[in-house]
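First up is the structure itself, then whatever we jot down about it.
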């Protein structure tokens, strides 16, 4: 589903001394099927933005379009439930929301609420447990016997079981060790491709944004600060630093390389192999311009 | 010859008789003033080592000596005076209403006189660059600042060894670098032994020696440079290989000869600069 924000502003505690704009005149477009990373500090408006995506909040001003659904200050879609069945949100630390006796019941909770019939729920449960790389034998166990990483997978399976078209991930790797982080992100990427999802990843990790996203949106104080491909965004290191954001390690290296060697190797999201070859050409002086 | 400070002699540990061994016949020595990194992925047994050192757990087989004293129920209070620990989540270790109360807590438990406490609070907060925050409430601090205070609290009881058990895991890369800089400086100034337990290879760079744990056993014991050169093997046991080591590997494959395994970007750039100026 295409997602479009048109001049969206969201005001907290309007007409009170505490009134402030969490999101301020935000416009962007996410084409269906893309993988978008949203980056910004605490307080940049990321969480408020996410809450618009499944109608948890409606904009104070402007319009949000999600597929055929339209949200404005005046009109909420009548079929909000349908919107929520099509936009799955994995909130931060989703394992805190597990509550059922068994993993199977926990996964079934979402689809049951959306009126999916039992047979279909059983089929989906088996499918999603496989998709999050957990063994089917676990289904009858309590979710609370699992390790932290496994619990998170169960919670994610519960979101996948509603078969969303848009998957919103709010810092899905927070608190996991590097191996767990990589496994979870690779899993989402696989799902994104296999299921043709539109994926929206809220993250602090520039490395993840570089690795997985085909479009990056950077927020600062509720406003859009920058937008584009990894190359567009990460080439502007000074601008990023002005809002205390880092660049991925490879970009940092290329900047230092230019300072030290005096020759520039542009960042174009090259593979490590390509980068090594480019460095060799510069260092060995086989550059055709010389 | 440096004095031995921590010694593991054929230590095996498991949580109960039905469980598999977490540590298997483990032996190693850490010397006074030494900076050692213990690295391994989750479940490799690395955190169990930390808990054994200060008697939070006891081994089923073998023995552990700290400064010549065997760790057991009778000696743990003496041992804990020698061993300072900082854990992963700073929020779990705060007890004081202000930063200085928090630093005082460990000293109060050890019955250190007030004048001495005041002196040490000042000293240790200065050492971790947190003097300006003496009266701040801990929950107002950033993650990195909290860990600094936690380190100050431990330093205040003047231990012989400081153990950081994944103490930077919840910090961003910048916070991580700063904390590691602070502790390695402190260990040099005070002749303190430093053990950092981590899964982040970038954090072992400053260590003199690295112990790599895998499935409860020592997989390798070597300098950081030697460890960095074993990229494929590290990946096999679930560790992330740092960017600079991956790039060094790529450069080798395009026949760019480096004289040594680079530990950071600066070392690699230095080599590239020399190669470049030769052509």
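Just so it is clear, none of the values below were taken in a lab; they were calculated from the coordinates. These numbers come from a predicted model, not from an experiment. Ideal geometry is used to build each Cβ from the backbone, glycine not excepted, and the neighbour counts take in all protein chains shown.
How crowded by other chains is B:269-277, given as the mean number of beta carbons from other chains within 10 Å of each beta carbon?
Other-chain Cβ atoms within 10 Å of each residue's Cβ, averaged: 4.
Of the DSSP beta bridges with both residues in region A:3-244, give the percent that are antiparallel, rounding to the nearest 5.
The antiparallel proportion sits near 55 percent.
What is the fewest-to-most order of A:10, B:133, A:93, B:15 by other Cβ atoms lying within 10 Å of their Cβ?
Lowest count first: B:15, A:93, B:133, A:10.
Nearest 5 is fine: what % of DSSP beta bridges in region A:167-290 come out antiparallel, could you say?
The antiparallel proportion sits near 55 percent.
To test your reading of the geometry: what angle, between 0 and 90 degrees and rounded to tens, separates the Cα axis of helix B:265-278 from the longest principal axis of chain B?
Result, in degrees: 30.
I want to verify a result. In a Gaussian network model of chain B, Cα cutoff 10 Å, which of these has the top mean-square fluctuation: B:94, B:243, B:58?
Among B:94, B:243, B:58, the largest GNM mean-square fluctuation belongs to B:243.
Cut-off is 10 Å between beta-carbons; in what order do B:77, B:273 appear when sorted fewest neighbours first?
With the fewest neighbours first, B:77, B:273 line up as B:77, B:273.
In whole angstrom, how far apart do the alpha carbon centroids of region A:64-105 and region A:228-290 sit?
With region A:64-105 and region A:228-290 each reduced to a Cα centre, they are spaced 40 Å.
Using the count of nearby Cβ atoms within 10 Å as a rough guide to exposure, how do A:16, B:142, A:235 rank from fewest to most?
Fewest-to-most Cβ neighbours within 10 Å comes out as A:16, B:142, A:235.
Given the DSSP H assignment, sum -39500 (n - 2.57) over each helix run of at least 4 residues in chain A and divide by its residue total; what's the result at 222 nm in deg cm²/dmol, nearest 500?
Estimated from H runs of four or more residues: -12000 deg cm²/dmol.
Between 0 and 90 degrees, rounded to the nearest ten: what's the tilt of helix A:103-113 against the longest Cα principal axis of chain A?
80
Could I get the Rg over Rh figure for chain A? Both from C-alpha atoms, Rh via Kirkwood, rounded to two places.
Over the Cα atoms of chain A, Rg/Rh equals 1.03.
Pick from A:103, A:11, A:162 the residue whose mean-square fluctuation is largest in a GNM of chain A, springs joining Cα atoms under 10 Å.
With Cα springs under 10 Å in chain A, the top fluctuation among A:103, A:11, A:162 is at A:11.
If you fit an axis through the alpha-carbon atoms of helix B:173-190 and take the longest principal axis of the Cα set of chain B, what angle between them do you get, 0 to 90°, nearest 10?
Result, in degrees: 70.
Quick one: work out the % antiparallel among DSSP beta bridges in chain B, nearest 5.
Roughly 50 percent of the beta bridges in chain B run antiparallel, per DSSP.
Sort B:103-115, B:259-271, B:30-42 by the packing proxy (mean of other Cβ within 10 Å over each peptide's residues), most packed first.
Listed from highest to lowest mean packing, they are B:30-42, B:259-271, B:103-115.
If I build a Gaussian network model for chain B, linking alpha-carbon pairs within less than 10 angstrom, which residue out of B:175, B:45, B:250 has the largest mean-square fluctuation?
The residue that fluctuates most here is B:250.
Enter the Cα centre distance for the pair region B:147-214 and region A:1-45, rounded to the nearest angstrom.
Spelled out, the Cα-based centre of one part sits 39 Å from the other.
If you find the alpha carbon centre of region A:179-210 and of region B:9-43, how far apart are they in angstrom?
Each part reduced to its Cα centre gives a spacing of 34 Å.
Please compute the alpha carbon radius of gyration of region B:1-79, then divide it by the globular-protein estimate 2.2 N^0.38 Å. Two decimals is fine.
Against the empirical 2.2 N^0.38 Å value, I get 1.09 for region B:1-79.
Which value, in Å to one decimal place, does the Kirkwood hydrodynamic radius take for the protein assembly as shown when every pair of different Cα atoms is included?
26.7
Taking each residue in B:237-249, count the Cβ atoms of any other chain within 10 Å of its Cβ, then average. What number comes out?
If you average over the peptide's residues, the count of other-chain Cβ atoms is 3.
Kirkwood hydrodynamic radius for region B:4-230: how many Å is it when counted over pairs of different Cα atoms?
It is 17.9 Å.
To the nearest 0.05, how large is the calculated FRET efficiency for residue A:271 and residue A:41 if R₀ is 35 Å and r is the Cβ-Cβ distance?
Result of the calculation: an efficiency of 0.70.
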